[in-house]
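The values are calculated or read from the model by the stated rules, or taken from the named source; none is laboratory data. The model shown is predicted, which means the values in this text are computed figures rather than measured ones. Neighbour counts are summed over all protein chains in view; Cβ atoms, including those assigned to glycine, are modelled from backbone coordinates with ideal geometry. Surface areas here come from the heavy atoms of the whole protein model, side chains and all, with no ligands, DNA or RNA. Shrake-Rupley method; radii C 1.70, N 1.55, O 1.52, S 1.80 Å.
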Amino acid sequence: MKIGVIGLCSFTMDFVSRAVEAGHQVLLSSTRENSQFKDIAKTSGKNVKLVSKYEAAKASILILFIPREDVGLFLTDLPDMNEKVLIHSSNPIFSLECLEPNAKASSEIIASLLPEAHVVRVLNIVNPEVLSMINQKQNDNEIFYTGLNKQAKNKAKTFFKSLNLAGVDFEELYQLPMHSCFMN
């Protein structure tokens, strides 16, 4: 499977390593000039290529780590994103309270710029206090996610499984409609 990655952080680098190990082809595109991308491509072998954001966006699944202030700039001029699964990594969640309820979350901005795509929000760090509120402990290989489209979430969960990650859907944990705070 082709996996596109736009943006670099320790989280997306872990995805790249796991995807290469699982045999996926990874198409990397940086939001900024970054020598680490070149180093990753060199050391990861033939399954990793440095490409434009346009080429990365053509992949089956697109992983985004884009600073909020750059979202509009980097999501313009992309190819057809109809039914595309966008895995959007986000900041840590430390409480169930939304700090600024009227502010648009980056995932909301992404969804408004690419309405034909399906955003699956990955919660890469979840505070243990939040997990204890829902009687869940985080293991090293668990990744928490949420989204509005069930098929996109299933595709993301299958992808996570191929990376040896146990995908945990917050909506299933709660057995309730998704809490709006998790879409920030």
What are the ³J(HN,Hα) values, in whole Hz, obtained from phi via the Karplus relation 6.51 cos²θ - 1.76 cosθ + 1.60 with θ = phi - 60°, for each residue of segment 72-81 in sequence order, with x given for Gly and Pro? x, 5, 8, 9, 8, 6, 8, x, 3, 10
Segment residue 154-residue 25, extension gain: residue separation times 0.36 nm, minus the distance between their alpha carbons: 44.4 nm
Sites residue 164 and residue 83, calculated FRET efficiency, Cβ-Cβ separation with R0 30 Å, nearest 0.05: 0.70
Signed unit charges on C-beta, dipole axis of segment 1-90, positive-most listed residue 65, 17, 52: 17
Among 104/161; 46/150; 58/104; 42/84; 46/161, which pairs are too far apart, with a Cα-Cα distance over 25 Å? 104/161; 46/150; 58/104; 42/84
For residue 74, tell me the accessible area in Å² from a 1.4 Å probe, rounded to the nearest 10. 30 Å²
So how much slack lies between residue 46 and residue 76, counting 0.36 nm per residue of separation and subtracting their Cα-Cα distance, in nm? 8.0 nm
